[in-house]
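Trainee: First the structure, which I've put down as structure tokens, then a few questions once you've had a look.
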């Protein structure tokens, strides 16, 4: 992993189109501004991982669970 | 064409009804072709079945059946990628996670599946709104009268 040190107001360019800027630091919280083409999806990593995990759990449905959906 | 399904064995599906997920789904990035199979005995549910991998299948339903007030804005980017021009072409589905006991089942309102039913292109989008990927399913609404 490439590690760079930045101060508030400084940024990092990734390729030609993406810029990450450190906007402010407040204790342990760092506010980051991202300029990227709109076709680049940007999510907090834990949100994306949670969706991955939920999709995996959903795909894990066994046939007997499906029976719950049948008319009774 | 004939495909292997997770729940219904080998099945004949209409090739012209294959839905293309250009980016796959989170956790299933390589799965790009799916079909919707009506769930026997309960019209509220469908199975979103990969045409390539039998075990990749999701139970899906309209989120509006469970949450009438569910609304979100579709980003311009999604509209472009799915070539959505009018709302008539859009179908919204949510993935269900069925659990034992059934009352613990949940519906993913945070990451709905958006389908352009006309172009047969789809995407699972992640909303930034305050919806849960594990919203409790109102299971009493899951039964057909």
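Trainee: Taking the condition of being in a loop (DSSP other than H, G, I, E, B) and either touching a residue at least 12 places away in the same chain (Cβ under 8 Å) or touching a strand residue (DSSP E or B) at 6+ places or on another chain (Cβ under 8 Å) (or both), how many residues in segment B:53-76 meet it?
Mentor: The number of residues fulfilling the criteria is 10.
Trainee: Another one. Looking only at segment B:10-52, count every residue that is within 12 Å of another protein chain (Cβ to nearest Cβ), in a loop (DSSP other than H, G, I, E, B) and touching a strand residue (DSSP E or B) at 6+ places or on another chain (Cβ under 6 Å) and tell me the total.
Mentor: Number of matching residues: 3.
Trainee: Kindly evaluate residue A:13 against the criterion of being more than 8 Å from every other protein chain (Cβ to nearest Cβ), surrounded by 13 or more Cβ atoms within 10 Å (Cβ to Cβ), over 30 Å from residue B:54 (Cα atoms) and modelled with pLDDT of 95 or more.
Mentor: When the stated conditions are applied, residue A:13 does not pass them.
Trainee: Among the residues in segment B:64-80, are any at the interface with chain A (Cβ under 10 Å from one of its Cβ atoms), farther than 17 Å from residue B:20 by Cα, under 17 Å from the mean Cα position of the chain (by Cα) and surrounded by fewer than 16 Cβ atoms within 10 Å (Cβ to Cβ)?
Mentor: Checked against the condition, which is being at the interface with chain A (Cβ under 10 Å from one of its Cβ atoms), farther than 17 Å from residue B:20 by Cα, under 17 Å from the mean Cα position of the chain (by Cα) and surrounded by fewer than 16 Cβ atoms within 10 Å (Cβ to Cβ), segment B:64-80 yields no hits at all.
Trainee: Among the listed residues B:21, B:45, B:34, which satisfies the condition of being farther than 14 Å from residue B:116 by Cα and surrounded by 14 or more Cβ atoms within 10 Å (Cβ to Cβ)?
Mentor: B:45
Trainee: Right, here's the next one. Under the condition of being facing chain B (nearest Cβ under 7 Å) and not in a helix (DSSP H, G or I), which residue from segment A:44-71 is surrounded by the most Cβ atoms within 10 Å (Cβ to Cβ)?
Mentor: Restricting to residues being facing chain B (nearest Cβ under 7 Å) and not in a helix (DSSP H, G or I), the top hit is A:61.
Trainee: Return the residue satisfying two criteria in turn: it lies in segment B:87-121 and is buried (at least 21 other Cβ atoms within 10 Å of the Cβ) and more than 14 Å from every other protein chain (Cβ to nearest Cβ), and of such residues it is farthest from the chain's Cα centre (by Cα).
Mentor: If we take residues in segment B:87-121 being buried (at least 21 other Cβ atoms within 10 Å of the Cβ) and more than 14 Å from every other protein chain (Cβ to nearest Cβ), then B:116 is farthest from the chain's Cα centre (by Cα).
Trainee: Tell me yes or no: at least one residue of segment A:41-49 is farther than 30 Å from residue B:104 by Cβ and free of Cβ contacts under 8 Å to residues at least 24 places away in the same chain.
Mentor: yes
Trainee: Considering only segment B:126-145, how many residues are surrounded by 21 or more Cβ atoms within 10 Å (Cβ to Cβ) and more than 7 Å from every other protein chain (Cβ to nearest Cβ)?
Mentor: Residues flagged as surrounded by 21 or more Cβ atoms within 10 Å (Cβ to Cβ) and more than 7 Å from every other protein chain (Cβ to nearest Cβ) within segment B:126-145 amount to 1.
Trainee: Please verify whether segment A:24-35 includes one or more residues that are in contact with a helix residue (DSSP H, G or I) (Cβ under 9 Å, 6 or more places away or on another chain) and under 24 Å from residue B:25 (Cβ atoms).
Mentor: no
Trainee: Continuing with the same structure: If you check residue A:19 against the conditions, is it surrounded by 11 or more Cβ atoms within 10 Å (Cβ to Cβ), within 18 Å of residue B:99 (Cβ to Cβ) and either within 11 Å of chain B (Cβ to nearest Cβ) or more than 16 Å from the chain's Cα centre (by Cα) (or both)?
Mentor: no
Trainee: Right, something else. Check residue A:34 against each of (1) away from chain B (no Cβ under 11 Å); (2) assigned to a helix (DSSP H, G or I) and name the one condition it does not meet.
Mentor: Result: residue A:34 fails condition (2) only.
The values are calculated or read from the model by the stated rules, or taken from the named source; none is laboratory data. Only a predicted model underlies this, so the values are computations on that prediction, with no experimental measurement involved. Cβ coordinates were reconstructed from backbone atoms using ideal geometry, including for glycine residues, and neighbour counts include every protein chain displayed.
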